[in-house]
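Novice: Got a structure here, written out as structure tokens. Questions coming.
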Amino acid sequence: MFEMEIHKEKNKAQLNSCFSNIKLFVLCQSLLQFSQLLHSTYLKSCITTLEKRFGLSSQSSGTITSLNEVGNSLLIVFVSYFGRRVHRPRLIGLGGLLMSISAMMLALPHFLSQPHTNNSVLQEKKELCMPRTNFSETSTCGQQDYQQLTDTSIMWKIMAIAQLLFGIGSVPIQPFGISYVDDFAGPRNAPLYIAVLFAVSVFGPAFGFLLGSVMLKIYVNIDKPDPSSLLELNLSDQRWVGAWWLGLLISSGCLAITSLPYFAFPREMQANKAEVDIFTEDSEKPNVTLLEFLKMFPRLFVKLLVNPFFLLLVLAQCSFSSVIAALSTFLNKFLECQYHAPASYSSLLIGTMNLPAVAIGMLLGGVVMKHSNMSLKAIPRFSLAMILISTLLCVPIFFMGCATQRIANVNWNITDHFGEESRSFTTCNLNCSCSSTAFNPVCGTNNVEYISPCHAGCTNFTMDPQNLQIQAYTSCSCVRDGDKLGNTHPGACSNSCSHYLLPFMILISVAGFVASLSHNPVYMMVLRTVPNDEKSFAIGIQFLIMRLLAWLPAPALFGLAIDSTCLRWKWICGNKQGCTYYNNDLFRSRYLGLQVAYKVMGILLLALVGWKVKRTGEYRLQVPFNELL
């Protein structure tokens, strides 16, 4: 019995020794942030799918993705207060478990809503031109329309609550994790460890988009199979809706697994003499109550804001973070609209090209910091040069696109000629009972796209006998093929700019790589502009400002800019239910132009930092900047 107790104590000591390794903590922190970002970017890879499934505008979908920043911002004051006063690893573990629960909640709208359906020509022939029997028939609200509005309402409520919970769970992850590493890794190793942490974490978005690429190839109703609903659909069909909910269950499991090890880490690790002195110094300071801290908070907050280095650097980070928010949220949508790339293929390209380039850039930025011993004067110059090069690399992509395809009765007016008789497009399908909510794009032999076979005036169709899919819609009164009525084929008209897709991805990936080289230098400069005992507080305020000025408003702002380029909205029962067509030229210029504007703003702020440092003097990062003033 006594030997058994000794054996247990020995195992416990070995376990404690194992989890008292800062390298193991860096690994666990990297994996948790990897899972956190995997979940966040997977959700963003499903943006266009959610818009199709629940009839959302880009502003609405952008708002949903950024709602987690609200819950995070509300609790940042408490994170700032507790700092080293709490068991940081355990709070990180609890936060990870809460994020796992919220990720599972995000999938609930799929199970609480009715199965997604598409109007089927093969089943009911609703999409064909049928004689008009009742003039008000196209504008009535059917039970299916009301059900879609109900599903959208349910989705909004559940996703809003889930995102708020996710934000609360993410509160301790980075502030506590980064400060913990910086406290116990040593001043020379901390920059590299933090660079490794961020570099590994950035592969989370890469795998998030790759997961989206796989899941979006699966039809949304995989758990409620209805083979007849798939007869007319394929991945390139604009009506295709992937299994967005399935990846959320996977990301929930990843978050739960990576959160558990944190409960075994100690509150403090054995550090070198410098850190021991710091903790001894901190322990001698009188403890303050939460109420006293809340009274002190405005003064501490203002103290940071009047620090010109801290304020200018964080505002510059806000500018660059807004660009990252725009790319992570809507780059997938941009590729779909500009180059007609399927959602799954867009996610694959982003996950294999763009995000790995950013991760490598972050890692190399940390290596440069470790080996170059970069001074406070050199950091703004280096970062300014990298961002400027990145911005110049983005200039050509403004011209790597083409105009919107011709869409009948949307951006293209057609006049049909029947011998000597001439009549406008609006009369060629006048006798057809076309639904106002119909969206089943077809391309005519005249290379004009129509909203549906009914809007093209088609009365019949031909099928492929082998795979039972529609080959063409025939006898279309709005399409002319010489002196005869023309035909249309399912799907949108071919895009003349698809050859720009890979060059665009290569260029934007190179630009992202160059810009990410400045990430670690700027971040370490921020850490060295505040006292050690205020580090957790400063990190918390830094993330608060970045959330309030970048991550929270940027997705909604860019979504609003995208919505302003919409050519045709889908309306259900008087409610706007998503955009079906965009003006490609305006989409490209406003989406990319807003990003360049943010980058220019960041360049100006870094230039101010460089000017301020030049006046103050040159310092080494190994010594906290506040001790040198």
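Novice: Is one or more of the residues making up region 118-127 open to solvent by less than 50 Å² (accessible area, probe 1.4 Å), among the small types (Gly, Ala, Ser) and either at pLDDT 65 or above or under 13 Å from Thr437 (Cα atoms) (or both)?
Specialist: no
Novice: When residues of region 557-574 are filtered for being at pLDDT below 90 and in contact with a helix residue (DSSP H, G or I) (Cβ under 6 Å, 6 or more places away or on another chain), how many remain?
Specialist: The total comes to 2.
Novice: Among helices (runs of 4 or more DSSP H) lying entirely in region 272-367, which contain 1 or more residues that are modelled with pLDDT under 80 and not aromatic (Phe, Trp, Tyr)?
Specialist: Hits in region 272-367: 273-283, 290-305.
Novice: Still on this model: With Ile389, Ile379 as the choices, which residue is in contact with a helix residue (DSSP H, G or I) (Cβ under 7 Å, 6 or more places away or on another chain), open to solvent by 50 Å² or more (accessible area, probe 1.4 Å) and within 16 Å of Ser516 (Cα to Cα)?
Specialist: On the way: Ile379 fails: open to solvent by 50 Å² or more (accessible area, probe 1.4 Å).
Ile389 is the lone residue from the list that is in contact with a helix residue (DSSP H, G or I) (Cβ under 7 Å, 6 or more places away or on another chain), open to solvent by 50 Å² or more (accessible area, probe 1.4 Å) and within 16 Å of Ser516 (Cα to Cα).
Novice: Just checking, how many residues over region 564-589 are over 18 Å from Gln238 (Cβ atoms), of a type outside the set (Lys, Arg) and in a helix (DSSP H, G or I)?
Specialist: Adding up the residues that qualify gives 3.
Novice: So which of Ser259, Ser252 is modelled with pLDDT of 90 or more and in contact with a Gly (Cβ under 6 Å, 6 or more places away or on another chain)?
Specialist: One residue alone meets the criteria, Ser259.
Novice: A follow-up question, please. Checking the condition aliphatic (A, V, I, L, M), open to solvent by 30 Å² or more (accessible area, probe 1.4 Å) and touching a helix residue (DSSP H, G or I) at 6+ places or on another chain (Cβ under 9 Å), which residue from Leu527, Leu507 passes? Reasoning before the result, please.
Specialist: Values: Leu527 fails: open to solvent by 30 Å² or more (accessible area, probe 1.4 Å).
Residue meeting the stated conditions: Leu507.
Novice: Return the residue satisfying two criteria in turn: it lies in region 475-515 and is among the hydroxyl-bearing types (Ser, Thr, Tyr) and at pLDDT below 90, and of such residues it is farthest from Thr404 (Cα to Cα). Outline the logic, then answer.
Specialist: Narrowing region 475-515 to residues among the hydroxyl-bearing types (Ser, Thr, Tyr): 475, 477, 488, 494, 496, 498, 500, 509.
Retained after the next criterion (residues that are at pLDDT below 90): 475, 477, 488, 494, 496, 498.
Values: Ser475: 26, Ser477: 24, Thr488: 19, Ser494: 11, Ser496: 10, Ser498: 13 Å.
My answer is Ser475.
Novice: Sort out which residues of region 242-271 are in a loop (DSSP other than H, G, I, E, B) and either open to solvent by 10 Å² or more (accessible area, probe 1.4 Å) or out of contact with any Phe, Trp or Tyr (no Cβ under 7 Å at 6 or more places or on another chain) (or both), and write them in order of number.
Specialist: Pro266, Arg267, Glu268, Met269, Gln270, Ala271
Novice: Here's another thing I want to ask about it. Which ranges mark the strands (runs of 3 or more DSSP E) fully within region 421-532 that have 2 or more residues being farther than 17 Å from Asn409 by Cβ and under 40 Å from the mean Cα position of the chain (by Cα)?
Specialist: Ranges flagged: 460-464, 469-481, 484-490.
Novice: So, one more: Of the numbered conditions (1) at pLDDT below 75; (2) of a type outside the set (Asp, Glu); (3) under 30 Å from Ile451 (Cβ atoms); (4) within 17 Å of the chain's Cα centre (by Cα), Val202 satisfies every one except a single condition; which is it?
Specialist: (3)
Novice: Of the residues that make up region 342-355, is at least one farther than 21 Å from Lys599 by Cα, open to solvent by 60 Å² or more (accessible area, probe 1.4 Å) and of a type in the set (Val, Ile, Thr)?
Specialist: Yes; the residues of region 342-355 include at least one that is farther than 21 Å from Lys599 by Cα, open to solvent by 60 Å² or more (accessible area, probe 1.4 Å) and of a type in the set (Val, Ile, Thr).
Novice: I'd like the full set of residues that are among the aliphatic types (A, V, I, L, M), open to solvent by less than 50 Å² (accessible area, probe 1.4 Å), over 30 Å from Lys333 (Cα atoms) and at pLDDT below 85, limited to region 52-99.
Specialist: Ile76, Val77, Val79, Val86 - these are the residues of region 52-99 that are among the aliphatic types (A, V, I, L, M), open to solvent by less than 50 Å² (accessible area, probe 1.4 Å), over 30 Å from Lys333 (Cα atoms) and at pLDDT below 85.
The values are calculated or read from the model by the stated rules, or taken from the named source; none is laboratory data. Since the model is a prediction, treat every value here as computed from it, not as a measurement. Neighbour counts run over all protein chains shown; Cβ positions are idealised from the backbone, glycine included. Note: accessible area is taken over every heavy atom of the protein model, side chains too, but ligands, DNA and RNA are not part of it. Shrake-Rupley method; radii C 1.70, N 1.55, O 1.52, S 1.80 Å.
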